[in-house]
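The values are calculated or read from the model by the stated rules, or taken from the named source; none is laboratory data. Bear in mind that the values here come from a model prediction, so they are computed numbers and not experimental data. Note: ideal-geometry Cβ built from the backbone for every residue, glycine included; neighbour counts use all protein chains shown. For the accessible areas, the whole protein counts, side chains as well, though only heavy atoms, and no ligand, DNA or RNA atoms are used. Shrake-Rupley method; radii C 1.70, N 1.55, O 1.52, S 1.80 Å.
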Amino acid sequence: MSLTELIPTLQLAVGPVILISGVGLILLSMTNRFGRVVDRSRKLADDLRRAPRAAHKKIMAQLRILSERAQLLRAAIGLSILSVLLAAILIITLFLGALLGLGMAVLIVILFVVCMLSLIISLVLFIQDIRLSLRAFWLELPAEARTAS
């Protein structure tokens, strides 16, 4: 295969390469949020051991939200990683198809669609995490501040 025959394949591969870069930035944000959830959970678990009985219900409510957030973020991170892996396999498939002259259009379409679906679901879970973090924030506010808005 000559370079001039390879150039269209390189052009096709640019899209998935950019996708990998963009999802990498999203993953950075998700893993940072996950780390903060874990750190906050550890702090609250420690607070729970030291807190008076009256504060246990409020701390447990926050820990339940943090647990749900951790599960959402873990799933979102996993789906984002799956999306990146599928994009990488898509790039390899593009090159192998071009190099070996194989008709891989159906496989390429399937890889791309599954890649996008996993990214979409990951982002929906990420939005859910943000929604839950707001609910946890409202739990921390005094009752009079919650009713004032």
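Which FRET efficiency value, to the nearest 0.05, do you get for D46 and S21 by plugging their Cβ-Cβ distance into 1/(1 + (r/R0)^6) with R0 = 35 Å? Can you show the working numbers first?
Working: r = 38 Å, r/R0 = 1.10.
With a Förster radius of 35 Å, E is 0.35.
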Between R135 and I81, what is the FRET efficiency for a Förster distance of 35 Å, r being their Cβ-Cβ separation, to the nearest 0.05? 0.85
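With every protein chain present, what is the per residue accessible area of region 25-107 (1.4 Å probe, Å²)? The partial results should precede the final answer.
Numbers: 5100 Å² over 83 residues.
Ligands and nucleic acids excluded, the figure is 61 Å² per residue.
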Tell me which label goes with the value of semi-axes √(5λ) of the Cα gyration tensor in Å computed from the coordinates here: (1) 29, 16, 13; (2) 115, 36, 11; (3) 47, 13, 11. (3)
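So for the chain, averaging the separation of alpha carbon pairs under 8 Å that are six or more residues apart and normalising by length, what relative contact order in percent results? Spell out each step's value before the answer.
On the way: 116 pairs, mean separation 45.6, N = 149.
Reported relative contact order: 31 percent.
At 1.4 Å probe size, with the rest of the protein present, what percent of the exposed accessible area of the chain is carbon and sulfur atoms? Mind showing how you got there, number by number?
Values: 6720 of 9420 Å².
Carbon plus sulfur share of accessible area: 71 percent.
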